[in-house]
1. Which residues, taken from segment 223-244, are under 29 Å from Glu281 (Cα atoms) and either small (Gly, Ala, Ser) or buried (at least 21 other Cβ atoms within 10 Å of the Cβ) (or both)?
2. Being part of a helix (DSSP H, G or I) and either acidic (Asp, Glu) or surrounded by fewer than 19 Cβ atoms within 10 Å (Cβ to Cβ) (or both) is the filter here, so list the residues in segment 187-222 that pass it.
3. For segment 88-110, how many residues meet the condition of being open to solvent by 10 Å² or more (accessible area, probe 1.4 Å), outside any loop (DSSP other than H, G, I, E, B) and under 21 Å from Asp45 (Cα atoms)?
4. Condition check: more than 13 Å from Gly74 (Cβ to Cβ) and not in a helix (DSSP H, G or I). Does Arg269 satisfy that?
5. Scan Met195, Met88 and give me the residue that is within 19 Å of Ser61 (Cβ to Cβ) and in contact with a Leu (Cβ under 8 Å, 6 or more places away or on another chain).
6. Which of the numbered conditions does Pro32 fail, given that it passes all the others? Conditions: (1) modelled with pLDDT of 95 or more; (2) assigned to a loop (DSSP other than H, G, I, E, B); (3) of a type outside the set (Asp, Glu).
7. Is it true that Asp268 is under 30 Å from Arg55 (Cα atoms), modelled with pLDDT of 90 or more, open to solvent by 10 Å² or more (accessible area, probe 1.4 Å) and not hydrophobic (A, V, I, L, M, F, W, C)?
Amino acid sequence: MTVPTTPPPAAGASRGASGRVGPAATPPPAEPGDVLLSVEGLDVDLAGRTGGRVRVLEDVSFEVPRGRVVGIVGESGSGKTMLLRALMDILPDGATRDWRRVVLDGRNITSAASRERLPAAMVFQDPMTSFNPLVRIGAHLVEVAQRFQRVGRRQATALAREALVAVRIPDPDRVLSRYPHELSGGMRQRAMIAMALLARPELLLADEPTTALDATIQAQILALLRTLQAERSLTVLIVTHDLAVVAAVCDDVLVMKDGRIVESGDVDRVFREPRHPYTKELLDAAPTEPSPEEADA
């Protein structure tokens, strides 16, 4: 089986021997055993439409190594996005979240998890539905800077501009003054990433951040996420349907099916030697690189 074709790296990115997109230079990997977040026995129940409860995540356990990019893959409805929302505590009304144990940066926070916010920020799939269409981009970013960095409006505006520069927006002052609909899809997603950075996260959660973008812009956003991860020592959890995205940017992968994690491990190992039948099905169903004859047809 051939690993799915990955998009070409954007300018300023490099592709290593494994074929992954990354920044031109990356810091050394985290020490073995250096885990930022460990979750054991996570359950999430939603209110049923006709009464009762529906379990959408069951006994989910995983570790997120510090300084790594971890992909979460699986079919629609497998619980990928719900897992990110459970970590952020932004579940739908009526949902319940329980876990046996949560360890953050070596501290057991199980009893405090309901009131202690994880040092995380989330980038959503469609920024057009996440931004208020009646509010300029600058106001969105300034609000986040003021809330999480406890600064005045003038300093918050400067921080917002710096965040736009950090996500490689060439004219940040113009973007600050624009409404969401006045930006392209790629620019909106960069602005969403900038807003997440203003929350000063250690853990960046990205829910299918390239789904609505064309191939060229996808490659740029993926390269940007990898570059920011290196520059800011971020740990990244990225949800995707696309195994090519996992091959391009992720160090580790979690495979989900029916609200459970059925396999996890280093990307190269999982792609080369999948152990669970469902993982094998996903890899077998992925598009493969065309043969020379097919390419010339």
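1. Scanning segment 223-244 gives Ala223, Leu225, Arg226, Thr235, Val236, Leu237, Ile238, Val239, Thr240, Leu243, Ala244.
2. Let us first name the residues in segment 187-222 that are part of a helix (DSSP H, G or I), namely 187-197, 215-222.
Listed by number, the residues that qualify are Ala215, Thr216.
3. The number of residues fulfilling the criteria is 5.
4. no
5. Details: Met195 fails: within 19 Å of Ser61 (Cβ to Cβ).
Checking each option against the conditions leaves just Met88.
6. It is condition (1) that Pro32 fails.
7. In short, no.
Every residue, every condition in (1) within 20 Å of the chain's Cα centre (by Cα); (2) closer than 30 Å to Arg55 by Cβ; (3) at pLDDT below 95, yes or no:
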residue: Leu205; (1), (2), (3): yes, yes, no
residue: Arg226; (1), (2), (3): yes, no, yes
residue: Ala244; (1), (2), (3): yes, no, yes
residue: Lys257; (1), (2), (3): yes, yes, no
residue: Pro277; (1), (2), (3): no, yes, no
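The values are calculated or read from the model by the stated rules, or taken from the named source; none is laboratory data. The shown structure was predicted, so the numbers you read here are calculated from the model rather than taken from an experiment. Don't worry about glycine lacking a Cβ; one is built from the backbone with ideal geometry, like all the others, and counts go over all protein chains shown. Ligands, DNA and RNA are excluded from the accessible area calculation, which covers all protein heavy atoms including side chains. Shrake-Rupley method; radii C 1.70, N 1.55, O 1.52, S 1.80 Å.
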